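Here is the structure we will look at.
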Amino acid sequence: QPNRKFQADLKKTRLTLSLQDKLVTYYKTSAAVPQMEQSCAKQAAIDICAELRNFIYNKFPDMPLRDMHLSGSLYDDLQVVRADHIQLMVPLSVERNLWSCVPGEETILNLPGFCLLRRENLEYFPRGTSYWDRCVVGGYLCPKAVVATFEKVVAGSINWPAIGSMLGYVIRPVVPSDSLILEVQYEENRRLFIDFLPLVALEDRTAVAKSHRLPRYGNMWRISQRGAETAALIGRDQHDLGCRSLCLKILKAVCRYNLPLSHLTSSHLTNILLHICEKESDWSRGVLADRFLQTLKETVGYLERGELPSAMDPKVNLFSELTAEEVDEMGYFLYSSLTEPEVLLRT
Ligand code: GDP
């Protein structure tokens with residue numbers, strides 16, 4: 001029945017068209033952060049980063065650090081809903097001959113994507129030779145101890161009210177918290193959270209002091225893939241003027257507004273999109289709704305399998321930090337939304 005098929009196709013086109021329209025509207029009204037808000041938030045972060053740098057270099061001249069810098073979605077124009085968080089990267093300068101990286105899969109904990117930083121050559125260079133020896137626990141550089149060192153400095157010895165009033169912000173360290181976060185009120189009702197992220201740059205990789213969610217992995221450093229993943233996605237878009245970043249931002253907003261999806265992170269979503277890029281070459285704006293639906297379906301698939309391989313290193317399961325219940329709940333929620341994806345666009 002060609003006519004019936006035509007009718008069905010037309011109906012399908014209308015449905016997709018309208019989802020396409022809804023996605024574009026949703027992006028404009030609910031996901032995108034106004035340019036003005038982005039630049040105010042960035043400026044606050046830049047001001048505070050500069051103050052902190054001066055303070056630490058003056059007060060702790062022997063602390064071996066490389067240039068602290070800002071990073072994260074606010075910097076890559078991938079932040080959604082609110083301009084409210086940014087990472088302050090704090091690169092530790094470590095002696096090459098005193099520290100080595102043990103990949104997580106080679107340790108008894110068998111955890112790809114993470115690593116241990118082992119103190120080497122203790123017989124020739126005894127404890128205390130390296131500044132960072134003070135953060136060693138059981139022979140390994142402990143990310144929590146590194147964060148605690150900065151906490152003492154940043155929360156304990158900096159006069160934030162004075163610096164804040166000089167810069168025109170209200171600044172306070174967030175307590176209690178297991179990482180080091182500064183809360184900056186930069187306008188009447190606008191807050192920015194600056195998250196300290198110590199990092200160690202090794203020969204071929206960078207490890208950040210952001211622990212695994214499960215406490216038994218507390219001594220491990222996270223191998224940072226964020227830069228590479230984000231660059232891969234943005235690079236592909238620049239090459240063909242595609243809608244991958246747009247799709248990512250819409251999905252990020254969906255996960256932020258729908259509580260059951262709160263454990264689905266930007267990193268999960270970016271990796272799923274990168275996997276889809278391997279099999280789909282058309283990312284023109286006109287197929288946004290198709291790619292959005294496809295991403296939802298693929299996400300359900302990964303959740304059903306309980307496994308999401310990293311696009312940068314397939315050994316790494318990006319769901320390793322989620323409990324089986326969290327995976328099931330998200331899978332069920334997303335699966336139920338597939339028949340009527342518009343319900344995900346509530347705010
Ligand atoms: P968003 O926070 O969801 O907008 O996404 P981002 O892409 O900004 O990711 C920030 C998250 O990734 C934070 O939780 C960071 O702690 C974590 N992260 C892990 N590695 C890195 C890294 O190398 N750089 C940055 N900026 N964040 C990282």
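Observations on the structure shown:
- Simple Cβ-charge dipole of the chain, Lys/Arg +1 and Asp/Glu -1, about Cα centre, in debye nearest 20: 500 debye
- Lysines with Cα under 16 Å of K249, excluding same-chain neighbours fewer than 8 positions away: K22, K28
- Going from the residue with the fewest nearby Cβ atoms within 10 Å to the one with the most, K59, K249, K144 rank K59, K144, K249.
- Contact order relative to length of region 66-191, as percent, for alpha carbon pairs under 8 angstrom and 6 or more apart: 14 percent
- Take the Cα of K152, go 7 Å toward its beta carbon, and the backbone nitrogen atoms of region 116-136 under 17 Å from that spot belong to 128-136.
- A Förster radius of 51 Å, combined with the Cβ-Cβ distance separating E342 from V175, puts the computed FRET efficiency at roughly 0.80.
- For the chain, with +1 on Lys and Arg beta carbons and -1 on Asp and Glu, the positive-most of N258, Y131, T230 along the dipole: N258
- Nearest-ten-degree value, helix 2-26 long axis tilted from longest Cα axis of the chain: 30 degrees
- Sparse-neighbour loop sites [trypsin sites (Lys or Arg not before Pro); region 154-239; at most 12 other C-beta within 10 Å; DSSP]: R213
- Q185 versus R96: modelled label distance in nm, points set 7 Å from Cα along the beta carbon direction: 4.9 nm
- Dipole orientation for the chain: of the candidates T295, H212, S73, T295 has the Cα lying most toward the positive pole (charges on Cβ; Lys, Arg +1; Asp, Glu -1).
- Solution diffusion estimate, µm²/s, Stokes-Einstein, the chain, Kirkwood Rh from C-alpha pairs, 20 °C, viscosity 1.002 mPa s: 96 µm²/s
- The GluC sites (Glu not before Pro) of region 162-195 that DSSP puts in a loop, and whose beta carbon has at most 16 other beta carbons within 10 Å, are E188.
Coordinate-derived values only; no laboratory data. Keep in mind it's a predicted model, so treat the numbers as computed, not measured. Neighbour counts are summed over all protein chains in view; Cβ atoms, including those assigned to glycine, are modelled from backbone coordinates with ideal geometry.
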